[in-house]
1. With 27 Å as the limit, write out which pairs from 276/320; 44/237; 173/260; 505/551 have Cα-Cα distances beyond it, or answer none.
2. Among the listed pairs 142/341; 127/700; 459/491; 139/185, which are separated by more than 25 Å between their Cα atoms?
3. Return the subset of 51/281; 51/242; 281/583 for which the Cα-Cα distance in this structure is over 32 Å, preserving the input order.
4. What distance in nm separates the simple spin-label points at residue 76 and residue 20, each placed 7 Å from Cα in the Cβ direction?
5. Across all directions of projection, what mean area in square nanometres is found for the Cα convex hull of the range 222-283?
6. So what is the relative contact order for the chain, in percent, with contacts set as C-alpha pairs under 8 Å and at least six apart?
7. Sum up the charges of everything whose Cβ sits under 13 Å from the Cβ of residue 692, counting Lys and Arg as +1 and Asp and Glu as -1, but leave residue 692 out.
8. Can you list the aspartates and glutamates whose alpha carbon is less than 12 Å from that of residue 30, not counting same-chain residues fewer than 8 positions off?
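Read-outs: derived from the displayed coordinates by stated rules, not from any lab. Every value quoted in this text rests on a predicted model; they were computed, and no experiment measured them. Cβ placement follows ideal geometry from the backbone for every residue including glycine, while neighbour counts extend to all protein chains displayed.
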Amino acid sequence: MDTNRGNINYRLIKRWDYRWTPLNRGYTDKILYINVGNEEIKDKDVPLPVKEKFIGGKGYGLRLLWDATKPQTRWDDPENEIIISSGPIGGITQYSGTGKSLVVSISPTTNSVIDSNVGGFFGPFLKFSGFDALELQGKADKDVIILIDGVNHRVELYETSGETEYSHCLAEKLTEAFADDENGKKNIGIVSTGVAAEHSLFGMLNFSFYDPKRKKVRQKQAGRGGIGTVFRNKRIKALVCKIPGVKGNLNNVVDLEAIKERGRRFNREMRELDDKQCQMKQVGTAHLMEIMNDHDLLPVMNFKYGSHPDAYKIDSSVWKNNFTQNIPDGCWIGCNMSCSKAVDDFEIRTGPCRGQKVIVDGPEYENAAGLGSNSAIFDPGYIIEANFYCDTYGICTITWSAVTAFIMECYENGILNLERTGGLDLRFGNADDALELMHQLARGEGFGLIAGMGVRRMKEMFIEKGWGEASFLNDIAMENKGLEYSQYMSKESLAQQGGYAMTNKGPQHDEAWLIFMDMVNNQLPTFAKKADALHYFPMFRTWFGLVGLCKLPWNDVEPESNALSDEPEKVPEHVDNYVTIYKAVTGREFDKHRLVEDSERVYNFQRVFNLRRGYGTRLYDRQPYRAAGPVTKEEYESRAERYDKQLNQNLGIDTEKLSTGEKMKLLRKYREDQYERLVDAVYERRGWNNNGVPKIEFLKKIGMDLPEVIEVVRNFQ
């Protein structure tokens with residue numbers, strides 16, 4: 001049957017009717033499996049041991065991906081999967097930050113396991129349609145659209161023709177096509193990507209949400225690791241989920257009143273404290289811009305520097321004036337943080353959307369810092385436009401920021417030139433050619449295709465061609481495990497260096513953000529304290545990804561009495577909120593210790609998954625030296641007083657008679673030694689051996705001694 005709705009041609013090729021399973025205590029215990037290659041659609045039961053050990057969200061994604069793939073499976077093999085799963089708390093509407101889902105796949109950029117968290121409607125809507133997770137496998141011959149119809153309880157697979165569209169246009173068309181009327185648009189969730197995902201290794205996924213105040217479709221991003229590239233490689237054009245509507249207790253929780261009480265408490269904190277603390281309702285995460293600059297932590301010129309005199313041009317006051325104010329900007333129903341800020345009616349000046357007025361979601365801090373200061377472009381108009389095109393082209397903004405900054409530093413050092421870039425002048429600060437580079441990538445042409453390989457592969461290519469010294473390129477290429485760095489300058493925070501480089505998936509700030517605790521507040525003066533923070537912080541963040549929670553409500557706004565608590569860095573009152581809510585949803589016995597234990601099982605499973613794929617040892621936790629210290633003479637001299645003082649106090653060296661080069665060598669040895677000592681301490685705290693491999697006795701202690709896990713680990717003992 002051929003149809004045309006929303007100016008998109010469809011041909012129904014498969015329909016599967018299912019018996020709807022309503023949620024009970026946050027779960028349906030059903031997984032929806034779709035193979036777009038052979039058109040198989042079925043549901044699968046979640047075994048009780050899997051539910052107990054893996055909880056939901058990222059845990060379910062990792063378990064399903066392990067079972068579906070082999071150690072040698074490549075990202076573009078049909079057997080690779082994309083798994084989307086929320087968690088038992090995901091989808092409740094009585095507490096802020098409960099609309100998250102986790103997306104898991106084998107990454108094109110790292111060749112190992114990647115997970116990316118995302119807001120929007122699709123994750124909760126999938127649950128309400130009867131499934132705790134969606135498991136996508138296979139590779140279609142032609143572009144397909146998948147409809148999960150939670151109203152009529154059926155799944156439909158459509159073949160569609162035409163070019164890959166810009167993601168914001170596709171989301172609008174599909175929402176229009178599948179909504180019954182204007183009011184029904186709020187009951188549609190779309191997952192899509194854009195044209196650049198077909199030409200790069202770091203394509204991302206957009207998850208839509210309908211903004212009833214603006215009457216517009218908006219999008220949140222699952223950005224890291226190239227899952228959008230996997231999506232398009234499978235010839236999936238979009239996922240659509242449709243539900244009858246959202247009402248009070250679709251999760252069928254055990255104690256709704258307990259959840260409401262904690263929600264009221266947090267909402268009061270937001271009303272009374274947000275303006276004094278982070279101003280999330282006014283500027284979202286972009287409130288960090290001047291804070292990072294003031295503390296020498298803002299990435300400038302490929303993480304070379306930590307501040308810049310022009311940073312005021314893109315600080316939070318600028319974004320406050322650009323963002324539409326006094327609108328409840330939540331990417332999930334009931335979230336009172338309202339941090340999903342947007343620029344309305346922004347007129348695009350370049351590229352295929354030139355002259356159009358669009359809504360731009362963000363920029364968030366990562367986008368403003370990465371697209372702006374890290375490329376020395378202090379122009380808010382450029383940042384907004386680049387943010388928009390990253391989103392609609394389907395490009396991970398964090399990766400693109402690191403890619404552009406790396407290219408610019410290579411250009412300024414003669415590694416690249418006009419001939420090698422095809423005529424693009426990619427010096428720091430050149431906004432016009434930076435945008436043209438992105439447009440080239442979207443068109444699949446020119447130097448844009450080189451940029452689309454990502455930092456690691458560009459570095460390797462430039463070394464192979466003899467364009468630059470290997471040692472310099474390795475030092476300034478801001479990637480670890482193949483994933484580009486998030487946009488915080490970690491040189492002066494040893495704990496943050498570990499928080500980036502010792503991650504399972506690569507340097508992403510969602511696992512550990514310890515800069516202020518370590519560098520500014522000096523709360524982690526010893527290796528033991530740093531190691532402890534690098535244990536519990538990733539465990540908290542992992543748990544959020546297991547149950548369907550956003551990380552921001554945990555510690556971005558703190559209760560008045562938090563500073564007086566025994567462990568203010570953990571925000572214990574909010575942790576108690578989460579314990580109460582989890583018990584109220586699931587009825588499971590639970591406390592703050594079990595929160596960590598649940599996370600430890602999944603975190604160590606992911607570490608072993610990396611081992612299974614040939615990674616996951618100490619070798620892969622190394623960092624580029626730019627993350628730890630000054631690579632160039634001008635870097636050292638920009639902080640000469642600080643560095644000289646450290647050499648004098650920590651090593652007893654009189655720097656007066658030493659050249660900058662001599663001091664740099666001494667500082668480098670010291671900082672690299674310090675990092676190795678940190679690695680030792682963290683591994684011991686996490687229950688791993690000196691090579692970063694989980695000890696078998698520790699796996700037994702935390703209940704992750706599954707035979708298939710132990711079999712992998714034994715090969716590394």
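1. 173/260
2. Over 25 Å apart, Cα to Cα: 142/341; 127/700; 139/185.
3. 51/281
4. 4.1
5. Values: hull surface 31.9 nm².
For the range 222-283, the mean projected area of the Cα convex hull comes to 8.0 nm².
6. That works out to 14 percent.
7. +3
8. The reachable aspartates and glutamates, counting only those whose Cα sits under 12 Å from residue 30, are 43, 45, 132, 135.
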